[in-house]
Structures are given as structure tokens and as C-alpha cells.
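All remarks here apply to the structure that follows.
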Amino acid sequence: MVRIRSRSIMKRASIILLLLAWGVALPSPASADLNVFACEPEWATLAREVGGEKVNAYSATHAQQDPHHIRAKPSLIARIRRADLVFCSGADLEVGWLPLLMQRGARAGVQPGTTGYIMAAEHVPVLEKPTVIDRSLGDIHPGGNPHVHLNPENIMIIASVLGKRMIAIDPENAAYYRKRLAAFNASWRRAIEDWDNRVTKLAGMPVIVHHKSFSYLFDWMGLNQIATLEVKPGIPPTASHLNGLLRKVRSSNVRAIVRAPYDPSDGSNWLSSKTGIRQIELPYTVKRNAGPGALFNLFERTIELLEGANAGS
Amino acid sequence: MNTPPRLPIVAIVLAASLTFSTTVMSQDKDTAAILQEIKSLKESYERRTAELEQKIKALESRKNAESAGSAAPASYKRNVKDNSFNPSIGLVLNGKASAFTRKTAGDMAGFAIGEEGERGNEGLSIDETELNFSTNIDDKFYGSMTAAIVREEGEDKIELEEAYVQTLPSAGLADGARLKFGRAFWTFGYLNEQHAHADDFADRPLPYRAYLNKAFNDDGIELSYVLPTDQYFEVGGGAFRGDDFPSGNSVTGLGGASIFARTGGDLGNNESWRIGAYALYSDANARATEEGAVTFNGNSYLYAADIRYTYAPTGNAKSQELILQAELFQRDENGTYNVGGGPVALDDTSVGYYAQAIYKFTPAVRAGIRFSQLDPVDTPAGLVGTDLDSNSHHPRSLSLMADWTNSEYGRIRAQINQEDLNNAGADKQLILQYIMSLGAHGAHPF
């Protein structure tokens, strides 16, 4: 009896699921919006800045997630399936999951080399490009450091690329995109001038980071990145490595131990408790669904935190 | 048959070489003239080469001056340092040390098991060594081959696990559509698509061993389509040769067909799920199991449903994660079993399932539990007392595992099983396993 019941339940379940799938398929969802699939929240926000109400931007990750390690989960396959634009950091940051999504979503218009595919790192000068590549060196990116959005000059360059692509994909709204891009560029330029004045006072400030997530920020600010808590990129701090850092820290006047929200805090806690150096968690990116203005706040907050650390000790 | 043509060939070769040497001798006088001509040609080319080199140098220095002035530094250009244009090569090394309380593997009550579904070797042994080559063939196709080197009956043999071509998104099919052809681990349930090295346990759960002989990888073709909806929906189906379990030996070369549908999504930021339903029809002609002692002729309809749920407390599956997974199988067989005493008709249904939970405590340490069970068919009168007589026993197995993952590329696992496959009593098993991957290693799907 049990067997017969489970048999009919399974058959019924299969039939229902198949019908459901085909039923959903038939009414093709008509949406005039340009669908942007952003790998990280900062790019989704930038797409909202430039695209305004004409785009529907979705971020595959949220601010607490490490964009190096994401699962190619069903929701992302569905999103990429309908994307008009795939907008990511590139330089192999998403190499563990984006190619699989692209393959599974099978959307022709967003494949590498098409108008609908923007990898930010391909459009700005890339830092820390390794000359030797070997797995024993840790999780290094052959394409260089991919965390390019933390230099505001890069944001300007990438916004322009994005604007051009949006116009190419959705020429009907070309004037709208052009106008929004110009407005964004103008206010971003003003913001950079203000930030530049503030960060010159931080130049040379020695810091330690957990992972090299802030290289572009420090490069722009002229901060001095003394060491990383990670032994090698992607390889967690070890006791011997941290002890080594302890000696290094004492000989140089380190002002802050910096980490991203998704970095584990144990390493910086330990070093901070041993040395009394302030540890700060920089925002790194914006909230997943952050609207226009969030990128300005990201840099404001970041600079404030570093100013505080510099003045504090 | 083969010897007569030899003599004429030797004669022809001799004749040809003689003619050639006489021609060379008669033209000896002309050689000096030819040499002279070559010399003058050489001189003229050398002059031209020097001129061209001069021009290239001039162009290069102009180009360097130009690029120094432009904003983009040299690193702007993409640089192909690796072997991206060659196939990715990956190798998985895999070995076990096993100890069993029962010295001979017992039968799975009421089920005729294929070779791959049997208990592993006792003691020290290497498991499948997987070698994989894969790459995009061109703008339209992707190709992949995985061969497993395995020890069978005292010999190292190569088993071709996968050899398939798959369309790329720019192949010109509709958006969301993919066509895969060749031999592959086809879409059926959750585990079937993945290679054993990606499993969370050292062995496959009972339904996979009984119903799929570990995995279904017949020769065939499969079409799948992701619907253009906000929620993930994928449907598809395939046609197969009918040579791999649950089929037997293909008669027409077209003896299997499948259909499937899947859906999935997120619950909030850090939880995801997927469910699927699958059906596989197989024409089973003289399907041999139990090392040839049992043959089956007839049709097999296998249905499966799977569910998977993941929860990563911080959103980072790499740090901590809970994975719940279950699959339910049902097999309708209609045909005749022959256990040596002549064909016995059978038209009945059996059910199998497993459920498992895995928790990742830290990036390196995971632990898991799995329970699987099979409900065999009621033994037909003609099979009472044979290997296929279940004696109303329901084979079941409980497994506990813990593994340590040093990096994405290396994992060591310990597992204990309590297997209760028949009325003869439980088999307690201890398995220690290592899985190491070298070289390219594709991302595993959800």
C-alpha cells in the first residue's frame, strides 16, 4: 500500500512540476527595463546611477559576501538568463562561478566579447599583476588585483564605459542615459576634488590589511600598505605569520589594521590586542539594493574611518 | 594474400632511384650556374631584409613614443600568460583504506546489482583516478573528456566516463537552450551529474547503487532549456543508446529516453533551494547483474525527485554552511528475470531514497550524516529462494562522515557505515579516503 501511494505521489509531483514549468514559460514576461546582472553591489549601484528608472539592476552578491567564493545557485542562473548586461569586476575575481552561470544561463547577448559584457578591470589600469603564477603562491589572480572600484577615478572611467554600453543596447533611451551619465560625472568630479583635499593629509599613513582588497584605495590615497594578515592571498593568517607581523608592526608606526566586512576578524583582533593598534572594518562596498548616492557615501565613510584612525593614535 | 605485391614494389623503388641518380649526374654541368644564381638571389634578399629591419625599427620607436603619451599603462592590455588556448587538464587522485566487519559483501536483498554498485575493496586501494581534458572548441562548442583509470579483476582499465560536446551560448540556439551530445553523466537526480570525487560521502547512497549502477552515463543526446523567468525553471529531455544500466545491451542503438524539470531560488540573502523531477525510460535487453548470475529482459521506468537546501549563516558558503539533500526513486520494471532457472515474469515497483545533512563548521572541517533505504518488490513465486528473494528485508544504510579540506584541491575524509543489506546481519564499515585534484578543476554547480 505504501509503495503504491508513493508511486502515485511521485508521478503526480512530476506532472505538476512539468506543467508548472511550461505554464510559466508561455506568458513571456514583457519588461521594458534593461536588465543588468551585476556581480557585486557596487556595480549594481553604478548601473542605477547611470541607468536610473530605465534599468533593473540586480546584484548577485551582498556586502557581507566574499565575491571570490559564490555558489552558482539557481536564482543566479535565472537572473543571468534574462540579463541584457553582465557587469562585474573581472580580473578573475568571479572566475569560480561566473563562467558556470554564463554557460548554464545560455544568454547569447552577454557572453565575453559582446556589448552586454563589461568587466571593469579590463577598462582601468590594473595593479599587482603577478609575473609568476603558481598555486603555492595562494589564490592569486593572473589578471591582477580585481578590487578596482575603490579608486574613485576608476569609477568615472567605468561609468563612461557603462553609459556607452547602455546606449548601444537600448538606443531608444540614449538621451536619457547621456543626461544621467553627464550629471553623475559632474557630481562625482566635484566629490573627487573634495576627497583629494582630504586624503592628501593621509598620504604615507602605514596600514596593515587582512586581504589585498583595498589596494586601489590605498594607491589613490597614497597610504603605505605594510603587510597583509593573510600569509598569501586566500590563505588564512597563521600564528607564525602573525608573530612575524608583530615585530614588523613595532618597528613601523602602523595606524590601522584594515579588513573588509566579509574577512574573518580573528587575525586583526589578535594583532590589535597585542599592539593596541586600532582595527577598522572599512565598508568595501555598498548595500545590495543601494540606490543612487550610495557610492558617494561609500567613499565618504571610508575616508572618515581612515581619518579617525590617523588622528586617533 | 599479402606476400605477392612485395616483389613489384621493390623493383619499382629500385628503378625510380636509378633514374633519379642518372638525371643528377647528367645535370652536373648546370650546377655551377645555378649556384651562381642562388648566390645573387641571396645577396638581393639580404639587402631587402636589412632595409625592412630598418623600417620596423623606425616604426617601433614611433609607436613607443606614442604609447608613452597615452593614459593607459602597459598593464591595460590583457596578457595571456597561461595556457588558455590549450585544453584545461585536470587530474583527480583518489584512494581509500577500508575495513569491513563482514568479509564477503552480502547481496542487496531483492535487488540485482551491477558491478559499480557493489561494495568497494577492503584494505588499501586507489579508487578511480580521473583524467579530464576540456575546453571551448570554438565559438559554438565546448568539449570535455573524462577517463577514469580503475582496477578491475586485477588489471588497470580505462573507463570512459564522459566524452561530450556541448553547445555554447553563442551557438545560435535560443537563449537558455543547451544541447549536449556524446557520453555524459546525464541530468537525473542530484548526484548523477557530478563526478564521484565531488560527493560528500566516500560511497554513493543505496538507491544510486541499486538503480543506476552508481551513475547513468550512456551514449546519447540531451536538450535543456532555462525558462526566461525570474524564478529558475529548467526543463529538458534526452535520448540514449540503451547500453548503460538500467539498460542492458542495446539492440537498436536507441533504447533510452529521459525528461526532467527543475526549479529553485533563494529564501532571503543566505538560503537557497532547488527541487527537481525526473523520469528515465530504459529498454533493458539481457541486462546482466550480480556478476552475470542474473539477467533481465524488459522495460524499466525510473522516476526520481530531488531536493537540496543550503544555508550559509554569513552568506559565505566557504566559511560555514548547512546542506540538506534528499532524493526519492521509484522503479517500475516489467519483464522477465532469469536467475538460472528460466525466465520469471515480474511487473512491479520498488522504491529507494536517501536523505543527508552536511555541516561545515570551519572552512576546513565538515561533518555529515546520511540514511538510505530500499523497499524491494514482493518476491514473485518463481524467484523465491533465489538471489533475488528479498525475504521481506529492506536494505538500509546509515553513514557518518567527517572531512578535512586543506584547500579547494585537497580533502581527506573518514566515514563509518552501518550497512544492513540483507537478513544475514549488519556490515560495519570504516573508510578513510583522500581526494586530491591537480590542475584545472571546473567549478561545481549548486
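Quick notes on this structure:
- The range B:253-282, residues that are surrounded by fewer than 18 Cβ atoms within 10 Å (Cβ to Cβ), more than 22 Å from B:Q330 (Cβ to Cβ), more than 8 Å from chain A (Cβ to nearest Cβ) and touching a residue at least 24 places away in the same chain (Cβ under 8 Å): B:E271
- Count of the range B:98-111 residues which are surrounded by 15 or more Cβ atoms within 10 Å (Cβ to Cβ) and outside any loop (DSSP other than H, G, I, E, B): 2
- The condition (being part of a helix (DSSP H, G or I), at the interface with chain B (Cβ under 8 Å from one of its Cβ atoms), modelled with pLDDT of 95 or more and open to solvent by 10 Å² or more (accessible area, probe 1.4 Å)) is satisfied by just one residue among A:R79, A:R48: A:R79.
- Any hit, the range A:266-279, residues being within 14 Å of chain B (Cβ to nearest Cβ) and open to solvent by less than 10 Å² (accessible area, probe 1.4 Å): yes
- Criterion violated by A:A120 - all others in (1) at pLDDT 95 or above; (2) at the interface with chain B (Cβ under 10 Å from one of its Cβ atoms) satisfied: (2)
- Qualifying positions in the range B:316-329 - open to solvent by less than 40 Å² (accessible area, probe 1.4 Å) and at the interface with chain A (Cβ under 10 Å from one of its Cβ atoms): B:N316, B:A317, B:S319, B:E321, B:F329
- In the range B:288-315, the residues that are part of a loop (DSSP other than H, G, I, E, B) and either over 13 Å from B:E271 (Cβ atoms) or away from every other protein chain (no Cβ under 11 Å) (or both): B:A293
Matching residues to (1) modelled with pLDDT of 95 or more; (2) under 22 Å from A:P283 (Cβ atoms):
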| position | (1), (2) |
| --- | --- |
| A:E128 | no, yes |
| A:I140 | no, no |
| A:P152 | yes, yes |
| A:I157 | yes, yes |
| A:G163 | yes, no |
| A:A168 | yes, no |
| A:Y177 | yes, no |
| A:L181 | yes, no |
| A:S213 | no, yes |
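- When residues of the range B:290-306 are limited to those that are in contact with a Phe, Trp or Tyr (Cβ under 7 Å, 6 or more places away or on another chain) and touching a residue at least 40 places away in the same chain (Cβ under 8 Å), the one surrounded by the most Cβ atoms within 10 Å (Cβ to Cβ): B:A304
- Test: residue in the range A:166-178 that is out of contact with any Leu (no Cβ under 6 Å at 6 or more places or on another chain) and facing chain B (nearest Cβ under 10 Å): no
- Qualifying residues in the range A:97-117 (those that are part of a loop (DSSP other than H, G, I, E, B), at negative phi and open to solvent by 40 Å² or more (accessible area, probe 1.4 Å)) - the one farthest from the other protein chains (Cβ to nearest Cβ): A:T115
- Qualifying residue in the range B:112-127 (condition: outside any strand (DSSP E or B), surrounded by 18 or more Cβ atoms within 10 Å (Cβ to Cβ), within 18 Å of the chain's Cα centre (by Cα) and at pLDDT below 90): yes
- Members of the range B:345-378 found to be closer than 23 Å to B:A112 by Cα, more than 14 Å from every other protein chain (Cβ to nearest Cβ) and open to solvent by 40 Å² or more (accessible area, probe 1.4 Å), listed by number: B:A345, B:A355, B:F371
- If you filter the range B:140-176 down to residues that are in a strand (DSSP E or B) and within 11 Å of chain A (Cβ to nearest Cβ), you find that the one that is farthest from the chain's Cα centre (by Cα) is B:T167.
- Listed by position, the helices (runs of 4 or more DSSP H) enclosed by the range A:137-255 that each have at least 1 residues that are open to solvent by less than 30 Å² (accessible area, probe 1.4 Å), outside the structural domain of A:R48 (by TED's automatic domain parsing) and under 25 Å from A:V86 (Cα atoms) are A:215-221.
- Condition met for A:D92 (more than 9 Å from chain B (Cβ to nearest Cβ), assigned to a loop (DSSP other than H, G, I, E, B) and open to solvent by 10 Å² or more (accessible area, probe 1.4 Å)): yes
- Of the residues A:A227, A:A294, A:A290, A:A311, the single one that is closer than 29 Å to A:R190 by Cβ, free of Cβ contacts under 8 Å to residues at least 60 places away in the same chain and aliphatic (A, V, I, L, M) is A:A311.
- Sub-9 Å Cβ pairs linking a first residue in the range B:218-231 that is without any contact (Cβ under 8 Å) to a residue 24 or more places away in the chain and at positive phi to a second residue that is part of a strand (DSSP E or B) and open to solvent by less than 10 Å² (accessible area, probe 1.4 Å), at least 6 apart or interchain, number zero.
- Boolean, B:A105 is closer than 30 Å to B:N297 by Cβ and either free of Cβ contacts under 8 Å to residues at least 60 places away in the same chain or of a type in the set (G, A, S) (or both): yes
The values are calculated or read from the model by the stated rules, or taken from the named source; none is laboratory data. Only a predicted model underlies this, so the values are computations on that prediction, with no experimental measurement involved. Note that we place each Cβ from the backbone using ideal geometry, even for glycine, and neighbour counts take in every protein chain shown. Just the protein is used for accessible areas: all its heavy atoms, side chains included, with ligands, DNA and RNA removed. Shrake-Rupley method; radii C 1.70, N 1.55, O 1.52, S 1.80 Å.
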